[in-house]
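Undergrad: Sharing a structure here in structure tokens format.
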Amino acid sequence: MNHILISGGAGFIGSHVARRLLRLGSSIRVLDNFDPFYDPAIKRRNVAECVALAGSPSRFELIEGDFREPAVCEQALRDVDAVIHLGALAGVRPSIEEPIRYMDVNVRGTQVMLEALRHRPTVPMVFASSSSVYGGNTKVPFAESDAVDHPVSPYAASKKAGELICYTHHHLHGNAITCLRFFTVYGPGQRPEMAIHKFARHLVAGEAIPFFGDGTTRRDYTYVDDIVDGVVAALQRADGYHVYNLGGSHTTDLATLVSTMEEVFGKKARLQRLAEQPGDVRETWADTALAERELGFRSRVGLREGIARFAEWYREEARAARLR
């Protein structure tokens, strides 16, 4: 697959995927609307890195537009061999405040993208889903065969709906589609509002870290390079319809996450203790046996190493910001 469209390719995960595929020799077209959910300048820098890595306009193209618009999708899909649909509104808590907007972007927008694929049945698609679809499931680790009928946030519901419309499209029109349930992705370039990045910012500044609940909630933190491995493997397989978990296969409580960050950054955290938030779940934990068996997926970067890599990037970004 030489010419690949990545929706949301200017964002955190999308730009990592784009850089990996460029290194593997693919040409990349990114479709992104630079939504101001967080500073668009961050995404512009991601694109600039991809442009530099590509080395030639023939290997990297940016289309600035909204995939809810059919004409934009038609333009973006022209002559591509595959689609990686990462574009979405992210975040559990913001989705509670704007459920209609989340459904419009994540569900209707995905349907518009699929409709543009209707007459291109040989073009496969990888769809970014989320561990949030498991809702409040208490059976852990979460397996793809588990029921996911009770999402507890509009974001989670939108991702479950995305999986369903992907299946329907595959059934009717034949495109190979793989849905990947990402588990709490972190690493260099992580979105600023996500826990690890936010905690680092407060920790370094000597400010109190917003600490929800009693510290016993648990997450399966997954380093971004491992996620990219899974995305590339899913793209290379590209047959039928599949759903896979991509996670670290290990769960870490919030208190341990903070203590690990204290150790890596060499600073003691102050905690601003807050009530647990609506839409949050008690635990996420990926059973990745299916992805291991069918995609050759392995989570290779443990939390301590991943936080250390993130800290190195964070410090370098801080130095670069002072020079700008």
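Undergrad: Please go through region 81-122 and give me each residue that is touching a Lys or Arg at 6+ places or on another chain (Cβ under 8 Å) and of a type in the set (S, T, N, Q), ordered by number.
TA: N106
Undergrad: Just to verify a result, which residue in region 36-64, among those that are farther than 27 Å from H197 by Cβ and of a type outside the set (K, R), is surrounded by the most Cβ atoms within 10 Å (Cβ to Cβ)?
TA: I63
Undergrad: Scan region 80-105 for residues that are closer than 24 Å to E276 by Cβ and surrounded by fewer than 22 Cβ atoms within 10 Å (Cβ to Cβ) and jot them down.
TA: Listed by number, the residues that qualify are L89, G91, V92, R93, P94, I96, E97, E98, P99.
Undergrad: Quickly run through region 139-176 and pick out the residues that are over 22 Å from G87 (Cβ atoms), part of a loop (DSSP other than H, G, I, E, B) and touching a residue at least 40 places away in the same chain (Cβ under 8 Å).
TA: V140, P141, A143, E144, V152, G174
Undergrad: Given the criteria at pLDDT 95 or above, surrounded by fewer than 23 Cβ atoms within 10 Å (Cβ to Cβ) and within 28 Å of Y223 (Cβ to Cβ), does N33 qualify?
TA: Answer is yes for this residue.
Undergrad: Please determine whether any residue of region 182-201 is free of Cβ contacts under 8 Å to residues at least 60 places away in the same chain, farther than 21 Å from G302 by Cα and surrounded by fewer than 21 Cβ atoms within 10 Å (Cβ to Cβ).
TA: yes
Undergrad: I'd like to know if region 259-268 contains one or more residues that are buried (at least 18 other Cβ atoms within 10 Å of the Cβ), of a type in the set (V, I, T) and in a loop (DSSP other than H, G, I, E, B).
TA: no
Undergrad: Check region 58-68 and report whether any residue there is closer than 24 Å to H170 by Cβ, hydrophobic (A, V, I, L, M, F, W, C) and either in a loop (DSSP other than H, G, I, E, B) or out of contact with any Pro (no Cβ under 7 Å at 6 or more places or on another chain) (or both).
TA: yes
The values are calculated or read from the model by the stated rules, or taken from the named source; none is laboratory data. Note that the coordinates shown come from a computational prediction; the quantities given were computed from them, not determined experimentally. Every residue, glycine among them, receives a Cβ derived from its backbone with ideal geometry; neighbour counts consider all protein chains shown.
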